[in-house]
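The values are calculated or read from the model by the stated rules, or taken from the named source; none is laboratory data. These figures come from a predicted structure and were not determined experimentally. Note that we place each Cβ from the backbone using ideal geometry, even for glycine, and neighbour counts take in every protein chain shown. Surface areas here come from the heavy atoms of the whole protein model, side chains and all, with no ligands, DNA or RNA. Shrake-Rupley method; radii C 1.70, N 1.55, O 1.52, S 1.80 Å.
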Amino acid sequence: MISANNVTLRVGKKALFEDVNIKFTEGNCYGMIGANGAGKSTFLKILSGQLEPTSGDVVISPGERLSFLQQDHFKYDEFPVLDTVIMGNARLYEIMKEKEEIYAKEDFTDEDGIKASELEAEFATMDGWEAESDAANLLNGLGIETELHYKLMKDLTGSEKVKVLLAQALFGNPDILLLDEPTNHLDLDAIAWLEEFLINFDNTVIVVSHDRYFLNKVCTQIADIDYGKIQLYAGNYDFWYESSQLLIRQMKEANKKKEEKIKELQEFISRFSANASKSKQATSRKRALEKIQLDEIRPSSRKYPYIDFRPNREIGNEVLTVEGLSKTIDGEKILDNLTFTLGREDKVAFVGGNEFAKTILFKILIGEMEPDEGTYKWGVTTSQAYFPKDFGGEFDNDYNITEWLTQYSEEKDVTYVRGFLGRMLFSGEDGVKKVAVLSGGEKVRCLLSKMMISGANVLLLDEPTNHLDMESITALNNGLIKFPGVLLFTSRDHQIVQTTANRIMEIVPGGKLIDKITTYDEYLESDEMARKRQTYSVQTDDED
């Protein structure tokens, strides 16, 4: 168990948290939610001891071990992958190193023998002999191939490092597990594995995530941060949403009844306060009026953008024809003879672990890269808008937000352009903010404004939810569901894929394509996926 007692954190004159009292108990997975800037990650740092509160304290049950997901992706660059995972249990790793040093001595003494014996006993108590196999199983589950287990961390890609650090946090069955955005940079298969791990995890978990499907799958309670307070709700994310909306409705209805009663009492007092025969009743009603208190209903600090993609032209029957498309990069076959045709009703989600292949395909289809072989042809009625995964170059200029968006608009009227920015929560002086200094989330909202103002009837989006808060992800999800044109997109957000796509394409290792007209959940249960999972399981068992 871990609890916060009267925790307050002040940043300058602002109180980010004020007298927070909350207890997190064993057997529960708590999803910590709140608007951007509400302090979700900051509160996890307070719980983990990385940050001291201004006042109050954090208490952990005696003897319990706390583990958290490291955010510094370069901290372990000089360590082997397997060692990095085992470091998740600091005491166990310390014992392993002490043993190695003792056994490496040339002048091994009796004292060394006694110390080694004590270490061996503690090592056995901590299941140390299973440490390497346990660490390997975690890595394999997250999709880190066995051949990478003995490489140095610096030799891994960014997404591979994230998986190793996640395995480190999970290692050794910690009593308290703190996870800040654990699904970031994970492919959908790794997210599904993590979901099952946490569902079967018996200890205390506190997780910050913008993935609604993930929160629904793993959470037993929601900790909602709003206006410096934390309110606990039993159930998952959807249950929290319904409960919080119901609570607001009930408070509004109660206030309405109180206001009607106040009006009734005020009218009586006004009519009869000067009447001697009614003065006693009027006085009684004055006392009753003073006792009525309206419930304070503070609006949530959450803000939802309005995302609405409206095509300027209706799309025809011929949308996209791809024939024999192939691409090799640095000797590796990325795309191998891809052939498919899209119709006007298609909403295609590209899934699977090969993110690079999906990005290369999108770059080819949008004209930023040439294929080695094959052709593609867009229909004459189509117009495309593209959201790139790497969008840094889009903002490498000296424009302010309004100037930046105006260059992509046929209508150059400032009021018209600012209307699109306003939908994405850029208001007032935001319009003159330089795009070069925008946060990641603000840049994503700019790009979505650009797509809306384009009026395109075909949207290509490569991981558009990166950097977005949950409110913006929800708005994007709703916008994609309503969009009447054709979609080609990639996303790690399970709910967006499931609610939006009616066709699933997976580029498998070697660059081949699996193409199914189905929903994402149905695809996960299909024969192809079942065979893939069975094959992977057999390989893992053989390796063990």
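Evaluating Lys99 against the criteria (1) open to solvent by 80 Å² or more (accessible area, probe 1.4 Å); (2) without any contact (Cβ under 8 Å) to a residue 40 or more places away in the chain leaves one unmet condition, (1).
For Asn36, the criteria (1) under 25 Å from the mean Cα position of the chain (by Cα); (2) open to solvent by 60 Å² or more (accessible area, probe 1.4 Å); (3) farther than 21 Å from Leu69 by Cβ hold in every case but one, which is (3). Residues that are within 29 Å of Leu198 (Cα to Cα) and either in contact with a Gly (Cβ under 7 Å, 6 or more places away or on another chain) or surrounded by fewer than 16 Cβ atoms within 10 Å (Cβ to Cβ) (or both) within the stretch 42-57 comprise Gly49, Gln50, Leu51, Glu52, Asp57, listed in sequence order. Taken over the stretch 511-529, the residue count meeting the criterion of being at pLDDT below 90 and out of contact with any helix residue (DSSP H, G or I) (no Cβ under 9 Å at 6 or more places or on another chain) is 4. On inspection, Thr382 passes the criterion of being in the same structural domain as Ile517 (by the TED database), of a type in the set (S, T, N, Q) and closer than 30 Å to Phe426 by Cβ. Within the stretch 132-149, can one find any residue that is within 21 Å of Leu198 (Cβ to Cβ), among the polar types (S, T, N, Q) and either within 26 Å of the chain's Cα centre (by Cα) or open to solvent by less than 10 Å² (accessible area, probe 1.4 Å) (or both)? Yes: the stretch 132-149 contains one or more residues that are within 21 Å of Leu198 (Cβ to Cβ), among the polar types (S, T, N, Q) and either within 26 Å of the chain's Cα centre (by Cα) or open to solvent by less than 10 Å² (accessible area, probe 1.4 Å) (or both). Scanning the stretch 331-353 for residues that are assigned to a strand (DSSP E or B), open to solvent by less than 20 Å² (accessible area, probe 1.4 Å) and not aromatic (Phe, Trp, Tyr) yields Ile334, Leu335, Leu338, Leu342, Val348, Ala349, Val351.
Would you point out which residue out of Asn466, Asn478, Asn397, Asn457 is assigned by the TED database to the domain that holds Gly367, in contact with a Gly (Cβ under 9 Å, 6 or more places away or on another chain) and open to solvent by 10 Å² or more (accessible area, probe 1.4 Å)? Steps first, please.
Details: Asn478 fails: in contact with a Gly (Cβ under 9 Å, 6 or more places away or on another chain); Asn397 fails: in contact with a Gly (Cβ under 9 Å, 6 or more places away or on another chain); Asn457 fails: open to solvent by 10 Å² or more (accessible area, probe 1.4 Å).
Going through Asn466, Asn478, Asn397, Asn457 in turn, just one is assigned by the TED database to the domain that holds Gly367, in contact with a Gly (Cβ under 9 Å, 6 or more places away or on another chain) and open to solvent by 10 Å² or more (accessible area, probe 1.4 Å): Asn466.
Taking the numbered list (1) more than 22 Å from Gly172 (Cα to Cα); (2) outside any loop (DSSP other than H, G, I, E, B) in turn, Glu106 passes all entries but (2). Considering only residues in the stretch 150-193 that are aromatic (Phe, Trp, Tyr) and either over 20 Å from the mean Cα position of the chain (by Cα) or open to solvent by less than 40 Å² (accessible area, probe 1.4 Å) (or both), the one that is farthest from Ser61 (Cα to Cα) turns out to be Tyr150. Within the stretch 439-449, the set of residues being farther than 13 Å from Gly392 by Cβ and buried (at least 21 other Cβ atoms within 10 Å of the Cβ) comprises Arg445, Leu448, Ser449.
For the stretch 218-233, which positions are out of contact with any Cys (no Cβ under 8 Å at 6 or more places or on another chain) and not basic (Lys, Arg)?
Hits for the stretch 218-233 are Ile222, Ala223, Asp224, Ile225, Asp226, Tyr227, Gly228, Ile230, Gln231, Leu232, Tyr233.
Any residue in the stretch 312-327 that is of a type in the set (S, T, N, Q), touching a strand residue (DSSP E or B) at 6+ places or on another chain (Cβ under 8 Å) and loosely packed, with under 14 Cβ neighbours inside 10 Å? No. Within the stretch 364-375, restricting attention to residues that are outside any loop (DSSP other than H, G, I, E, B) and open to solvent by less than 70 Å² (accessible area, probe 1.4 Å), the residue that is nearest to Ser326 (Cα to Cα) is Gly374. When residues in the stretch 4-33 are screened for being open to solvent by 10 Å² or more (accessible area, probe 1.4 Å) and over 22 Å from Ser209 (Cβ atoms), 11 of them pass. Just the residues that are closer than 24 Å to Leu170 by Cα and surrounded by fewer than 16 Cβ atoms within 10 Å (Cβ to Cβ), please, taken from the stretch 109-120. The answer is Glu120, and nothing else.
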